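Student: So that we are looking at the same thing, I have put the structure below in structure tokens.
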Amino acid sequence: MPADPSSPKLRPNADPTISAEPLGPVAVSKLEAALIAGILLLAVVLRFGALSRVAVEHFDEGVYASNLLFPDSGFEYPERHYYAPPLVPALSEWSQLFFGSTGWVPCLPGLVLGTLTVPLMWWIVRGWFGPAAAVAVASLIASNEFHIGLSRSTLTDAPLLFFLLAAVGLGHSALTRLDLRIAALAGLVAGLAWITKYNGWLALAIVVSGTLAGWFVGWLSLRRQSTGMSYRLVRDVGFVCGLMILVAAVIWLPVWNDLQPRGGYAAVAANHRQYIVGLSGWWSSLTRHIALQTHYAGWWTFLGAILAVVAAAALLRSNRSTWNEEINGAVLAADAGTVNGVEQAKRSTWNGELSMMTVVATAAFAGAVVLSPLLVLVVWSITDWAASVVELRRNRSFNRRPARWFANWMCLAWIIGLLVSMPLYRPYPRLALLLMAAGWIGTGSAIIRLMTGHVARLTSETSRPARRWVTIGCLGFVLSVSTLRASRHGVTIWELRTELADATRQVLTEIRRDAGQQHAKHSTSPINGVSAVVYVYGEPAVFFHMAQPDLAVQPVGDLAFAKPDAKPAGLPTYLAYSHHADASPTFALEFARVKERLTLLTVAPFRPSEFVLLDDVPPGKTRQHVGEAVRVFRLGGGND
């Protein structure tokens, strides 16, 4: 395709050392379109199914979902800035304005962006490693229980992954094309990731560090080939990276400015430091993450891996009609061993005698991801990166294939950066999502390598019978162990997350009943339609469900309202709290000082979902957890 002379590219003509390469194959075959449509439909069903079982439950969900309840404070939950930048809370607000505030509606941003991550991942990986790898990666993420659970929540992690993926994909395209227009767009999307979660700047870090590593290694290779890397090329890469960072910073600037009256970002960082476990806790945090991801993995993770192999195999076979012909020697010399060399060739390496056994073997290896998803995905990805980089350099084809070359380095920067930094924090399960995403990409690429490389040769019918029987035995063992593990593990994708909301409704019934009795006893009446005041201590999710027009509900971080010298509210007054308050030493001390002025009204038990429990409870002990309760006390003695 001829270059557009009006396009703001820094170099309209290809540099002699690095050739231009389009984002990905232009044509999408009918089979590929059908496969990705089916995978997307699966993603929609798994994320949007049984939404009646979803409600705001997590502490942070309560913060993000409650902002509409504070019109006098700029529609912002108190100290919301400590938990997240404003984008996801704002999206949740608009969802509630359009569809109401009950049930699953606050989770709509995660549902939509989590689902859209599947086709986005497909499109990005398609440009990096080809169509077959793309449908494999899309299959892995579409049916992953962990990503499904985060998508069915109000948390920021699923939206962050969407924007981070888009920013990395666009940044990669801008750098391989040296196009300022795409660079500006990449910076815009990176800025959106940054105002979704405070670590959204990782999109920029991944692109820049991966680019620097790729250019440095490429420069060393070019020097050995007695060619140079022009100053102009280095300058243009700097312009692209600089523009991305500049645009992202402009998007971030309003958030940074809004933090200044509240202590600036330093106050946010100080709050985050309490969750840092440091180097001394690095290993225990990492092993906890590994255990958490193994606990999440179940039938859908296992079946998603099998689907990834079957879909990729179908696409590989359908794209070539000359299965049994020899590969063109010149093409093989240029592409042999690359991640998707077969797809770039004009002949197929697929021989009929290999196909079925190769697919089965690869499916067995892929299905083993259920044994320990985080560990297997990361190991596969790093192994595939090493093989791909070595072969691209050995074949001297990296400068003809910059999209694949820089994608490999960005994936490595992504994995290594998060593998080092993630365990430095308290092991909340959601922190592993970005690392898992990089693992899905590398594993999808590795699946294609297995089917077009060593596994194909190992399972060939021309292999020695003894070796084939050993191979079959090993594959059978791996599939059996993986199937057994899938049947014993896994957080239910449509897990019931409404028990807290149900318990809160029970509490509201008791509060209204008691408030009516108090008004009758003291010959008082509601004020402006408000019959009682309810203070909710340390439970944003409880506050969200309690907020009703006939009650003045307020979140608090202390019990000053219950002290003897506190000004009376003039209405029946109640304290509501649950397990987060129970776990707070500060609350215990304050409660001991005022308990004589409080009368227990009701206790509503509930069982938190595993999605919430896994923040604090080890994976093997969630089912033994005794449950929690919402407790309500009335301010005043039993005779009041």
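Student: What are the ³J(HN,Hα) values, in whole Hz, obtained from phi via the Karplus relation 6.51 cos²θ - 1.76 cosθ + 1.60 with θ = phi - 60°, for each residue of the stretch 242-257 in sequence order, with x given for Gly and Pro?
Tutor: Rounded to whole hertz, the list is x, 5, 4, 5, 5, 5, 4, 5, 5, 5, 6, 3, x, 5, 4, 5.
Student: What distance in nm lies between label points placed 7 Å from Cα along the C-beta direction at Ala27 and Thr586?
Tutor: 6.5
Student: How big is the gap, in Å, between the Cα center of the stretch 563-640 and the Cα center of the stretch 135-149?
Tutor: Cα centroid of the stretch 563-640 versus Cα centroid of the stretch 135-149: 38 Å apart.
Student: Round to the nearest 0.05 the FRET efficiency obtained for Leu484 and Ala520 when R0 = 51 Å and r is the Cβ-Cβ distance.
Tutor: Using R0 = 51 Å, I get an efficiency of 0.25.
Student: State the Cα centre-to-centre distance between the stretch 408-454 and the stretch 281-298 in whole Å.
Tutor: 14
Student: Pull out a ≥ b ≥ c, the square roots of the eigenvalues of the alpha-carbon gyration tensor of the stretch 538-605, then state rounded if a/c is under 1.5, prolate if not and a/b is larger than b/c, and oblate in the remaining case.
Tutor: In terms of gyration-tensor shape, oblate.
Student: Eight or more residues apart or on different chains, and alpha-carbon atoms under 30 Å: count the Lys pairs in the stretch 499-635 matching that.
Tutor: Close lysine pairs found across the stretch 499-635: 5.
Student: Taking each pair of distinct Cα atoms in the stretch 499-635 once, what is the resulting Kirkwood hydrodynamic radius in Å?
Tutor: The Cα-based Kirkwood calculation yields 15.7 Å.
Student: Here's a follow-up. Net charge within 10 Å of Ala55 by Cβ-Cβ distance, Lys/Arg positive one each and Asp/Glu negative one each, not counting Ala55 itself?
Tutor: -2
Student: In nm, to one decimal, how far is the modelled label at Arg593 from the one at Trp256, with both set 7 Å along Cα→Cβ?
Tutor: The two pseudo-label positions are separated by 4.0 nm.
We did not get these values from a lab; they are worked out from the coordinates using the rules stated. Here the structure is a predicted model, which means the values were calculated and not measured. Positions of Cβ are generated from backbone atoms using ideal geometry, with glycine treated the same way; all protein chains shown enter the neighbour counts.
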